[in-house]
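Here is the structure we will look at.
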Amino acid sequence: MRTKLTLMALFALLIGILPSMAQDEVPYEVLVEGLNNPRGVNFSPDGVLYVAEAGIGGDIDFPEGPFGPAMLGFTGRVSAVVDGVSSTVIDYLPSVNPGGAPDAPAEILGTMDIIATDDQLWTVMGHELKGVTLAGTVVGYDRVSLRPFQVLDIYGYEHAADPDGTGELLSNVVGMAVAPDGSNALIVDASGNTLYRTTFNGTFAVVKSWENNPVPTSVAFSPDGTQYAVGFLISFPFPTGASRIELYDAATDELIFTAEGLTAITDVVYGTDGTLLAVSYGEFSGETFSWIPNSGSVIAVSPDGVGTLITGLQFPYGIAQNPVDGSYAVSVNAVSNPGEGQIITFVWGE
């Protein structure tokens with residue numbers, strides 16, 4: 001059952017008492033620089049920040065890219081940030097440069113998200129690339145040895161089953177979230193418009209598929225695991241105010257309510273106090289057919305509606321909260337020239 005956003009619904013859904021909507025911009029600082037198209041970010045339980053870097057493409061001609069001929073390389077990686085210093089943890093991951101406007105950085109396709117638990121790392125490997133190992137998959141690694149132990153082939157399932165029934169066999173797996181009790185994880189396929197669940201046994205199953213290309217980009221569990229949120233980008237031409245976040249009951253997978261009127265949501269996260277924060281990638285110009293620079297933001301959903309915490313960000317993408325000190329990290333310059341990617345950090349809430 002779908003209902004509109006109400007105060008009572010939000011109080012029932014969000015855990016604890018949420019902070020008031022900020023009247024002024026929340027200050028932030030740059031935590032790390034020099035990254036290559038950083039996308040998803042995630043903290044391990046012991047406070048290490050992991051960053052999924054899509055890479056810079058490569059010099060291998062790849063005629064069957066997602067949108068036509070492209071340039072393939074293996075420049076994607078996962079980085080770990082400790083005390084503001086970034087180091088490579090997993091490298092040589094597929095990265096594709098599909099080309100772009102001559103005066104703008106190309107939207108590199110590659111590693112899209114990273115999940116860290118006490119003893120595991122899970123990479124979310126983005127667009128399908130025919131014949132390229134790991135592309136279009138979710139891969140589990142031992143966090144200590146960094147040896148892969150499980151591969152979930154989302155790309156293969158999309159082509160075999162077409163879960164959204166559109167006949168367009170496209171896959172771009174972009175986001176993942178692990179339940180607080182570790183019993184299962186949810187995975188979103190943006191091009192396949194499908195949400196999957198895995199119980200870490202090497203298999204996965206469809207939870208829900210959407211029609212009309214809403215482009216689900218992100219998923220997050222509430223701190224107590226009773227709900228989860230799914231954020232949507234909405235497809236081209238990415239209309240301002242057309243995006244949304246849907247909240248579901250984690251036990252039944254029933255839709256509880258929808259927060260509408262949002263723009264280009266690329267990531268969502270519940271804070272430890274129950275606050276629901278999200279990243280808005282930016283606004284798209286129908287005149288120039290390009291994303292407007294410095295139009296990205298971080299927003300919060302509360303019983304009072306939607307409040308904007310930070311504006312003026314250059315192509316932000318991922319957001320995560322540090323379980324050790326409660327601070328938040330956001331990737332910016334998610335589409336940028338090599339080495340221009342950054343992670344910013346800020347403190348907000350209880």
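The values are calculated or read from the model by the stated rules, or taken from the named source; none is laboratory data. Keep in mind that what you see is a predicted model, and the values were worked out from it rather than measured. With ideal geometry, Cβ positions are generated from the backbone for all residues, glycine too; neighbour counts draw on all protein chains shown. Remember, those area values only see protein heavy atoms, side chains included, never the ligands or the DNA or RNA. Shrake-Rupley method; radii C 1.70, N 1.55, O 1.52, S 1.80 Å.
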Exercise. Applying the Karplus parametrisation 6.51 cos²θ - 1.76 cosθ + 1.60 with θ = phi - 60° to the phi angles of region 287-292, what ³J(HN,Hα) value in whole Hz is obtained for each residue in order, glycine and proline being reported as x?
Worked result: 7, 9, 6, 8, 6, 7
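Measuring with a 1.4 Å probe in the full set of protein chains, what accessible area per residue, in whole Å², belongs to the chain?
Solvent-accessible surface per residue comes out at 41 Å².
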For this session: Would you be so kind as to identify which of 299, 312, 198 lies farthest towards the positive end of the dipole of the chain, taking Lys and Arg as +1 and Asp and Glu as -1 on Cβ and the Cα centre as origin?
Result: 198
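Take the alpha carbon gyration tensor of region 211-350, find the square roots of its eigenvalues, order them as a ≥ b ≥ c, and report rounded if a/c is under 1.5; if not, report prolate when a/b exceeds b/c, else oblate. Write down the numbers at each step before the final one.
Working: a/c = 1.92, a/b = 1.19, b/c = 1.61.
In terms of gyration-tensor shape, oblate.
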Exercise. Under a GNM of the chain (C-alpha, springs under 10 Å), which listed residue has the highest mean-square fluctuation: 299, 319, 265?
Worked result: 299
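Can you quote the Å³ per residue value for the convex hull of the Cα atoms in region 92-175, rounded to an integer? Write down the numbers at each step before the final one.
Numbers: hull volume 10.4 nm³, N = 84.
Per-residue hull volume (Cα only) is 124 Å³.
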For this session: Quick one: compute the contact order of region 57-174, relative version, from alpha carbon pairs under 8 angstrom and 6+ residues apart, as a percent.
Result: 17 percent
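If you take the square roots of the eigenvalues of the alpha-carbon gyration tensor of region 268-350 and sort them as a ≥ b ≥ c, do you get rounded (a/c under 1.5), prolate (a/b over b/c) or oblate?
Values: a/c = 3.06, a/b = 1.47, b/c = 2.08.
It comes out oblate by the Cα gyration axes.
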Exercise. Which whole-angstrom value gives the distance between the alpha carbon centres of region 36-96 and region 159-194?
Worked result: 20 Å
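Computed FRET efficiency, Cβ-Cβ of residue 119 and residue 252, R0 41 Å: what is it to the nearest 0.05? Each step should come with its number before you reach the end.
Numbers: r = 30 Å, r/R0 = 0.73.
Taking R0 as 41 Å, the efficiency between residue 119 and residue 252 is 0.85.
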Problem set entry | Selected from 173, 41, 30 as most flexible by GNM, with the chain as the system and alpha-carbon contacts under 10 Å | 30
Problem set entry | Apportionment of accessible area to carbon and sulfur, the chain, percent (1.4 Å) | 52 percent
Exercise. Which one of 145, 49, 84 has its Cα pushed farthest toward the positive end of the charge dipole of region 20-146, where Lys and Arg give +1 and Asp and Glu give -1 at the Cβ?
Worked result: 145
Problem set entry | Mean Cα-pair separation over length for the chain, i.e. relative contact order, pairs under 8 Å, 6 or more apart, % | 19 percent
For this session: Would you list the P(r) distribution for the chain, with all Cα-Cα distances sorted into 20 Å bins from 0 and each bin expressed as a whole %?
Result: 33, 62, 5
Exercise. If exposed chymotrypsin sites (Phe, Trp or Tyr not before Pro) are those in a DSSP loop with at most 11 other Cβ within 10 Å, what is the longest stretch of the chain that has none?
Worked result: 68-288
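Helix-only mean residue ellipticity at 222 nm, the chain, DSSP H runs n ≥ 4 weighted -39,500 (n - 2.57), per residue, nearest 500. What is it? Could the numbers behind the result be given before it?
Details: 2 runs with 15 residues, N = 350.
Only helices count here, giving -1000 deg cm²/dmol.
If a/c stays under 1.5 just call it rounded; otherwise compare a/b with b/c (prolate if a/b is bigger, oblate if not). Do that for region 217-291, with a ≥ b ≥ c from the square roots of the Cα gyration tensor eigenvalues.
Values: a/c = 3.27, a/b = 2.19, b/c = 1.49.
Taking the square roots of the gyration eigenvalues as a ≥ b ≥ c, region 217-291 is prolate.
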Exercise. Residue-wise, which Karplus ³J(HN,Hα) couplings in Hz belong to region 134-147, taking 6.51 cos²θ - 1.76 cosθ + 1.60, θ = phi - 60°, and x for glycine or proline?
Worked result: 6, 4, x, 10, 10, 10, x, 10, 5, 5, 8, 7, 6, 8
Problem set entry | region 198-332, relative contact order in percent, only Cα pairs under 8 angstrom and at least six apart counted | 16 percent
Problem set entry | Added length on full extension, which subtracts the Cα-Cα distance from 0.36 nm per residue, residue 151 to residue 211 | 18.9 nm
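About the Cα centre of the chain, how large is the charge dipole given +1 on each Lys and Arg Cβ and -1 on each Asp and Glu Cβ? Please answer in debye to the nearest 20.
Working: 10 positive and 40 negative charges, 61 e Å.
Roughly 300 debye, rounded to the nearest 20.
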Exercise. GNM, the chain, Cα, under 10 Å: largest mean-square fluctuation among 71, 176, 112?
Worked result: 71
Exercise. Once label points are set 7 Å from the Cα along Cα→Cβ at both residue 92 and residue 304, what is their separation, rounded to one decimal in nm?
Worked result: 5.3 nm
Seminar exercise, completed: Phi angles of region 264-276, converted by Karplus (6.51 cos²θ - 1.76 cosθ + 1.60, θ = phi - 60°) into ³J(HN,Hα) in whole Hz with x for Gly and Pro, give 6, 6, 10, 7, 9, 8, 8, x, 5, 8, x, 5, 9
Problem set entry | Net charge of Cβ neighbours under 13 Å - reference residue 177; Lys, Arg +1; Asp, Glu -1 | -2
Exercise. Under a 5 Å amide H to amide H cut-off, with H placed in plane at 1.01 Å, what residues pair with residue 208 once short-range neighbours are removed?
Worked result: 195
